Protein chains: 2
Amino acid sequence: MADIRDVAQRAGCSIATVSRALNSPQLVRPETLARVQAAAAELKFRPNALGRQLRGERTGLIGVMLPTLGNPVFADCLEGIEAAIDGTGRRLLLVTTQYDPERERNAIETLLQQRVDGLLLTLADAEHSALVDDLAAEGVACQLVYNDAPNRPCVSVDNRAAAAQGVSMLIEAGHRDIVMVTGALHASDRAKRRFLGYGDAMQAAGLTPLPAVEIDFNSGARGERVREWLAQRERDGARPTALFCSNDLLALGAMRALREAGLRVPDDISVLGFDGLAVGELLSPTLATVVQPSVEIGRHAAQRLLAQIDGRAASAAPGTVDANHALILPHAIRRGGTVAAPPRR
Amino acid sequence: MADIRDVAQRAGCSIATVSRALNSPQLVRPETLARVQAAAAELKFRPNALGRQLRGERTGLIGVMLPTLGNPVFADCLEGIEAAIDGTGRRLLLVTTQYDPERERNAIETLLQQRVDGLLLTLADAEHSALVDDLAAEGVACQLVYNDAPNRPCVSVDNRAAAAQGVSMLIEAGHRDIVMVTGALHASDRAKRRFLGYGDAMQAAGLTPLPAVEIDFNSGARGERVREWLAQRERDGARPTALFCSNDLLALGAMRALREAGLRVPDDISVLGFDGLAVGELLSPTLATVVQPSVEIGRHAAQRLLAQIDGRAASAAPGTVDANHALILPHAIRRGGTVAAPPRR
DNA sequence: GTGAAAGCGCTAACAA
DNA sequence: TTGTTAGCGCTTTCAC
């Protein structure tokens, strides 16, 4: 592979001139420039980014860490990130963690070793993680994505308020017997906040919040578990009239389980999701859900990160960046066919 | 940020010893090793991957280029890729191209400048692209993903045969009036092959293939176009009894348009997709579709690429790698609720 | 406008 | 077992 020296030799100049010709053409006499360009083309010269990155103090790499891409909510977010960095000449180094805290640690370390300019992270549980503090202490540019940790640089919706609003909608539709279905609560700060929101709405309506039904995401068989739980409730004659699922994927799985159990949605039981996946609108009935603007979350997070990175260079006093607080984007309620009035008893 | 020299000084040894302690601990006296490790920990030393990469001939980076992550088929594939490289100490450099050939060129160039060890690519149209030949000529390790180009290193299903089998299934269900709905044919080799498969099946049954209905993906309003076209056909009194959509996303959009036009699926019209998205199974009726094993496609492609990369080092004679042909994975037909017998006239 | 030279952080001969 | 040293490919003063 041709290197800058080869080009210099062929163009009959020094490597410094080649470098200038490539990076600051205006500093080079047009004639020389042409010779360099010709030489570079003939040799199919491909500048080695590693050399440049080792020399300079920026790599142009952005580290992105997400739990999984199996949930479209994260893929959507990644699209927003891509959109935001498009045209900036930056590239994405991507890692997924499967919600595993150990992998989170490793992944971040790896990304930092590659000298990424900044980090975009969705942590399983940002509140109980010292990681972010460590990063801040080290002066690493970083934005949390989806995690809504107050006083932290992050972009998200207000999960608690959003969940409360969704559940209120169920209550207004006449439901009193509402159960929340969720992944492992201890493993996700978002699920926890959504559960709090559920409680807020129930209590505000004078209803008693019920314990959450926790489903292990990693077990794969989400539908299975819903079905089991449902059968149990059915035997007790205590089937709720509505399910609030902590995310749309779970809602979809639950609906399937309900269907297989011979229940009709929404006639026998209503279902409300959280996320606002696009596919939800294509179903029939369409999935009622609390919509978070996933693409926008990704886009904003990336934009803030870029500002942070650029600002770090600009401002003499570090820490004066204005992207250091939480950015809470608006959520919305999508009323869908999966929510109706509870059945008459 | 602490550097290898700082660690050496603190541990009272040379930088070479530090390097050894970190990379080949067995070459270092236990006592020295301990001192180095202590020094590294105290200084929070984080080895700079760029330095190592510039020196060695491998970066451990894999370049991944996909059209979009908005279609779960690619997100799934990426999951498979991640799974395959997990534990190998490699990282993914990700770029999406939005099916734009110009972006494809740029992206690849960028990835090569970063000195990725290999490339995993889904091209809009692999057949009409000289890119892959160039890469091969340059000796770049590379696997195509989803593109089924014979005689090329790629992993895919047999799109033509798979489509034919799907359409045959429609024919067996009694349909004779089947139309294929697709994105721009000229922009995707897969769509083209699937259209050929459609033709094969029609002709094998003595039916006349109809022109494909092409929908511009980039226009965003996919449903719109389906609706327009449908209205047109309706006026002509020539509504087909079945739609074969070149991918599941399109099928979902089409179903929505049909629903909005007051048509029932599958009572008035049947719909068959292609991809086998997981969400298709959660719908009701469930989406009938030609299933390609997306995660496996990603996984195999990555595995082959790794073999190629490692082999390149091992074998003296380059080009002797056995991952140089096309790997065709088996497809399947998922019979779903969206396909039924055609309505009686 | 151009060149010589230092050096980014690391690894791998080669010596000791 | 450890140290010295020569680069990997590039950018960037500092001279000319």
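The values are calculated or read from the model by the stated rules, or taken from the named source; none is laboratory data. Predicted, not measured: the structure shown is a model, and the values here were computed from it. Backbone-built Cβ (ideal geometry, glycine too); neighbour counts: all protein chains shown. Just the protein is used for accessible areas: all its heavy atoms, side chains included, with ligands, DNA and RNA removed. Shrake-Rupley method; radii C 1.70, N 1.55, O 1.52, S 1.80 Å.
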How far is helix B:189-204 tilted, in degrees, relative to the longest principal axis of the Cα atoms in chain B, given as a value from 0 to 90 rounded to the nearest 10?
-> 40
Heavy-atom SASA rank of B:Phe244, B:Phe45 (probe 1.4 Å, accessible area, largest first) = B:Phe45, B:Phe244
Accessible area expressed per residue, the range B:4-43, with surrounding protein chains retained (probe 1.4 Å, Å²) = 62
With a 1.4 Å probe and ligands and nucleic acids left out, the total accessible area lost when A pairs with B, in Å² to the nearest 100, equals 4400
By how many degrees, 0 to 90 and rounded to 10, does the Cα axis of helix B:72-85 deviate from the longest principal axis of chain B?
-> 30
Per residue of B:87-94, count partner chain C-beta atoms within 10 Å of its C-beta, then hand back the mean as an integer.
-> 4
Could you list which residues have their amide H under 5 Å from that of B:Val291, counting only those 5 or more apart in sequence or on another chain, with H placed in the peptide plane?
-> B:Asp275, B:Ala332, B:Ile333, B:Arg334
Averaged per residue, what accessible surface does the range B:216-296 expose to a 1.4 Å probe, in Å²?
-> 36
Distance in nm between pseudo-label sites at B:Ala231 and A:Ala137 (7 Å out along the Cβ direction from Cα) | 6.4
Between copies, how close do the A:Leu43 label points come, placed 7 Å along Cα→Cβ, listed in nm from shortest?
-> 3.5
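Decide, for the protein assembly as shown, between rounded, prolate and oblate: order the square roots of the alpha carbon gyration tensor eigenvalues as a ≥ b ≥ c, take rounded if a/c falls under 1.5, and otherwise choose prolate if a/b is larger than b/c, else oblate. Walk me through the intermediate numbers first.
Values: a/c = 2.10, a/b = 1.29, b/c = 1.63.
Oblate, since a/c reaches 1.5 and b/c is not below a/b.
Quick check for me: using +1 on Lys/Arg Cβ and -1 on Asp/Glu Cβ, what's the dipole size of the range A:147-225 about its Cα centre, in debye to the nearest 20?
Values: 9 positive and 9 negative charges, 28 e Å.
The dipole of the range A:147-225 has a size of about 140 debye.
Just counting partner chain Cβ atoms within 10 Å, what average do the residues of peptide A:334-341 show around their Cβ? Can you show the working numbers first?
Working: counts 0, 0, 0, 0, 0, 0, 0, 0.
For peptide A:334-341, the averaged partner shielding equals 0.
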In percent, how large is the relative contact order of chain A, given Cα pairs closer than 8 Å and 6 or more residues apart?
-> 18
Could you state the accessible area per residue of the range A:63-191 in Å², with a 1.4 Å probe and every protein chain left in place?
-> 30
If you line up the long axis of helix A:294-314 against the longest principal axis of chain A, both from Cα atoms, how many degrees apart are they, to the nearest 10?
-> 40
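To the nearest 20 debye, what is the magnitude of the charge dipole of the range A:159-292 about its Cα centre, counting +1 on the Cβ of each Lys and Arg and -1 on the Cβ of each Asp and Glu?
Details: 15 positive and 16 negative charges, 29 e Å.
Taking the Cα centre of the range A:159-292 as origin, the dipole is about 140 debye.
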Sorted shortest first, the nm distances from the A:Ala136 label point (7 Å along Cα→Cβ) to its counterparts in the other copies are 5.4
Label-to-label distance, nm, for residues given as A:Asp100 and B:Ala326 (7 Å Cα→Cβ offset) = 3.6
Find how many whole Å separate the alpha carbon centroid of the range A:102-171 from the alpha carbon centroid of the range B:125-201.
-> 40
Sorting B:Ser188, B:Ala163, B:Tyr198 by the position of each Cα along the dipole of the range B:159-292 (Lys, Arg +1; Asp, Glu -1; all at Cβ), the one nearest the positive end of that ordering is B:Ser188
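How large a share of the accessible area of the protein assembly as shown, in percent, is made up of carbon and sulfur atoms when the probe is 1.4 Å and the other protein chains stay in place?
After summing per-atom areas, the C and S share lands at 50 percent.
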For the range B:181-269, just say rounded, prolate or oblate: build the C-alpha gyration tensor, square-root its eigenvalues into a ≥ b ≥ c, call rounded for a/c under 1.5, and beyond that prolate if a/b exceeds b/c, oblate if not.
-> oblate
Mean residue ellipticity at 222 nm from the helices of chain B, using -39,500 (n - 2.57) per DSSP H segment of n ≥ 4 over the full residue count, to the nearest 500 deg cm²/dmol?
-> -14000 deg cm²/dmol
Rounded to whole Hz and in sequence order, give me ³J(HN,Hα) for the range B:167-183 from the Karplus expression 6.51 cos²θ - 1.76 cosθ + 1.60, θ = phi - 60°, writing x for Gly and Pro.
-> 5, 4, 4, 5, 5, 4, 6, x, 7, 10, 10, 10, 10, 9, 10, 8, x
Which one of A:Ser14, A:Ser129, A:Ser188 has the biggest mean-square fluctuation once chain A is modelled by GNM with Cα springs under 10 Å?
-> A:Ser14
Can you pull the one-decimal nm distance between simple spin-label points at B:His128 and B:Asp310, each 7 Å off the Cα toward Cβ?
-> 3.9
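Apply the a/c threshold of 1.5 to the C-alpha gyration tensor of the range B:1-54 and tell me whether it is rounded, prolate or oblate. Don't skip to the answer; put the middle values down first.
On the way: a/c = 1.89, a/b = 1.24, b/c = 1.53.
The shape class here is oblate.
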For the protein assembly as shown, percent of DSSP beta bridges that are antiparallel (nearest 5) comes out at 15
Which of the residues in the range B:21-67 show a loss of at least 10 Å² in accessible area from their chain by itself to the complete set of protein chains, at a probe of 1.4 Å?
-> B:Lys44, B:Arg46, B:Pro47, B:Asn48, B:Ala49, B:Leu50, B:Gly51, B:Gln53, B:Leu54, B:Leu61
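So, by mean Cβ neighbours within 10 angstrom, what's the order for A:191-198, A:110-117 with the highest one leading?
On the way: A:191-198: 23.4, A:110-117: 20.5.
The most tightly packed comes first, giving A:191-198, A:110-117.
List the relative contact order of the range B:4-43 as a percent without decimals, with contacts defined as Cα pairs under 8 Å and 6+ residues apart.
Result for the range B:4-43 is 43 percent.
Tell me which trypsin sites (Lys or Arg not before Pro) from the range B:224-267 have a DSSP coil assignment and no more than 14 other beta carbons within 10 Å of their own.
B:Arg264
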Compute the relative contact order of the range A:168-297 as a whole-number percentage, counting only Cα pairs closer than 8 Å that sit 6 or more residues apart in sequence.
-> 23
Go through the range B:13-19 residue by residue and turn each phi into a ³J(HN,Hα) via Karplus (6.51, -1.76, 1.60, θ = phi - 60°); whole Hz please, and just put x for glycine and proline.
-> 8, 8, 5, 4, 5, 4, 4
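Ranked highest first by average number of other Cβ atoms within 10 Å, how do A:206-215, A:90-99 line up? All intermediate terms of the calculation are to be shown ahead of the outcome.
On the way: A:206-215: 15.5, A:90-99: 21.1.
Per-residue mean Cβ counts within 10 Å order the peptides as A:90-99, A:206-215.
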How far apart are the A:Leu263 label points across copies, placing each 7 Å from Cα toward Cβ, in nm, shortest first?
-> 3.5
Inter-chain shielding of B:71-82 (mean C-beta neighbours from other protein chains, 10 Å cut-off) | 4
